[in-house]
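Report on the following structure.
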Amino acid sequence: MTTTELHDLDTMRVGDLVLSITPPTERVTLEIVVERDASLVLKAPRSATVARAEEFVASKRSWIYRKLAEKDALVGPPIVKQFVDGEGFAYLGRSHRLLIDDAVNAVRLDRGRFLAPPAVRSRGASLMRDWYTQAGTHWLRRRVRPWASRMGIDPVTVDVRDLGYRWGSARPASGEQRVNIHWATLQLPPSLVDYVLVHELAHLREANHTPEFWAIVSHLMPGYESQKTNLAAIGRGVWLGAVHGSER
């Protein structure tokens with residue numbers, strides 16, 4: 001039996017499953033994450049060997065296939081946008097039409113419309129991501145306060161960034177408590193943004209999706225299961241930055 005250290009590898013294959021290996025941390029357990037794009041990620045302790053990881057993945061094979069089947073049903077083709085007058089962009093669950101205006105020099109939401117400078121035609125994705133990031137940072141840092149207070153971990157800093165196919169990320173840490181939220185999350189209705197916040201706040205107490213983790217989520221948000229289901233369904237329609245043609 002091989003004793004190769006797992007973190008000598010970038011990826012590993014177990015049967016027909018290919019998993020990316022994250023950098024080592026001080027965690028003591030193994031965890032498999034099925035990302036929104038159906039890719040598989042393995043998180044493991046620094047001391048983990050390939051043999052141990054292979055055994056763990058094999059023991060979770062049925063669970064992985066079930067999760068992949070769910071992803072096949074919920075993750076559709078990427079949402080693509082064009083930066084032309086009339087294109088719709090969502091903010092907090094409501095769609096707003098884009099209007100290109102020579103008189104503005106930055107994207108802004110004004111009386112139900114997104115006003116954008118002519119530069120949006122060539123740099124639309126970048127300009128819109130910047131707007132979501134700036135607006136989202138202010139909104140989320142206010143929004144998180146009552147949830148964090150209920151957990152007894154106020155204050156919590158929220159950073160908005162591009163997280164690929166993850167809605168958010170957070171891990172238990174000493175000192176300043178911080179959660180990361182994907183800028184695309186700001187397209188969701190507020191109730192689903194709340195679920196994402198609660199989910200990540202729970203990770204400040206419990207890193208993995210253990211029964212203890214879900215107990216924390218349930219305590220903060222009774223009946224969270226419906227929000228979890230709605231997020232998976234509505235998330236299919238969230239724009240992650242894909243644009244038509246050669247736009248950036």
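Every number here is computed from the coordinates shown, using simple stated rules; none is lab data. For clarity, every value in this text was computed on a predicted model and none was experimentally measured. Every residue, glycine among them, receives a Cβ derived from its backbone with ideal geometry; neighbour counts consider all protein chains shown.
Using the basic label-point model (7 angstrom from Cα toward the beta carbon), what is the Ser226 to Arg171 distance in nanometres?
A separation of 3.5 nm, rounded to one decimal place.
In terms of Cα to Cα distance under 13 Å, which aspartates and glutamates are near enough to Lys81, apart from those fewer than 8 places away along the same chain?
Excluding near neighbours in sequence, the set is Glu247.
Charges only on Cβ, +1 for Lys and Arg, -1 for Asp and Glu: so what's the dipole of the chain about the Cα centre, in debye to the nearest 20? Please report the intermediate quantities before stating the final value.
Details: 33 positive and 28 negative charges, 113 e Å.
In total the dipole reaches around 540 debye.
Taking a ≥ b ≥ c as the square roots of the Cα gyration tensor eigenvalues, with a/c under 1.5 meaning rounded and otherwise prolate when a/b beats b/c, else oblate, which class fits the range 166-230?
On the way: a/c = 2.16, a/b = 1.15, b/c = 1.87.
Taking the square roots of the gyration eigenvalues as a ≥ b ≥ c, the range 166-230 is oblate.
Where in the range 8-98 are there GluC sites (Glu not before Pro) that are in a DSSP coil and have at most 12 other Cβ atoms within 10 angstrom of their Cβ? All intermediate terms of the calculation are to be shown ahead of the outcome.
On the way: sites: Glu26, Glu31, Glu35, Glu54, Glu55, Glu70, Glu87; in loops: Glu26, Glu35, Glu87.
When the GluC sites (Glu not before Pro) of the range 8-98 are filtered for loop state and at most 12 Cβ neighbours within 10 Å, Glu26 remain.
So for Trp183, Trp63, fewest C-beta neighbours within 10 Å to most, what's the order? Spell out each step's value before the answer.
Values: Trp183 22, Trp63 11.
Going from least to most buried by this count: Trp63, Trp183.
Please find the FRET efficiency linking Val33 to Asp102, where r is the Cβ-Cβ separation and R0 is fixed at 35 Å, and quote it to the nearest 0.05. Intermediate results must be reported in sequence, preceding the final value.
Numbers: r = 46 Å, r/R0 = 1.30.
Efficiency, rounded to the nearest 0.05: 0.15.
Rank the residues Leu19, Leu197 as a footprinting-exposure proxy: fewest other Cβ atoms within 10 Å of their Cβ go first.
Values: Leu19 22, Leu197 26.
Ranking Leu19, Leu197 by Cβ neighbours within 10 Å, fewest first, gives Leu19, Leu197.
Roughly how many nanometres apart are two label points built 7 Å out from the Cα toward the Cβ at Arg236 and Ala119?
3.7
Which lysines, on any chain, are close to Lys67 with Cα under 23 Å apart, when same-chain ones fewer than 8 places away are left out?
Lys43, Lys228
For the range 74-179, what proportion of DSSP beta bridges, expressed in % and rounded to the nearest 5, is antiparallel? Could you put the intermediate results ahead of the total?
Numbers: 7 of 14 bridges.
Just about 50 percent of them are antiparallel.
Which shape class, rounded, prolate or oblate, goes with the range 59-176 when its Cα gyration tensor gives a ≥ b ≥ c as root eigenvalues, a/c under 1.5 marks rounded, and past that a/b bigger than b/c marks prolate? All intermediate terms of the calculation are to be shown ahead of the outcome.
Values: a/c = 2.64, a/b = 1.35, b/c = 1.96.
In terms of gyration-tensor shape, oblate.
Percent antiparallel among DSSP beta bridges with both residues in the chain, to the nearest 5?
Numbers: 18 of 33 bridges.
So the antiparallel bridges amount to about 55 percent of the total.
Expressed in nm to one decimal, what extension gain is obtained for the pair Ala69 and Val84 from 0.36 nm per residue of sequence separation less their Cα-Cα distance? Intermediate values should be presented prior to the final figure.
On the way: separation 15, 0.36 × 15 = 5.40 nm, distance 3.61 nm.
Answer, rounded to one decimal: 1.8 nm.
Compute the separation of the alpha-carbon centres of the range 112-127 and the range 144-207 and state it in Å as a whole number.
28
Mean residue ellipticity at 222 nm from the helices of the chain, using -39,500 (n - 2.57) per DSSP H segment of n ≥ 4 over the full residue count, to the nearest 500 deg cm²/dmol? Numbers along the way, then the final one.
On the way: 6 runs with 91 residues, N = 248.
Calculated from helices alone, the mean residue ellipticity at 222 nm is -12000 deg cm²/dmol.
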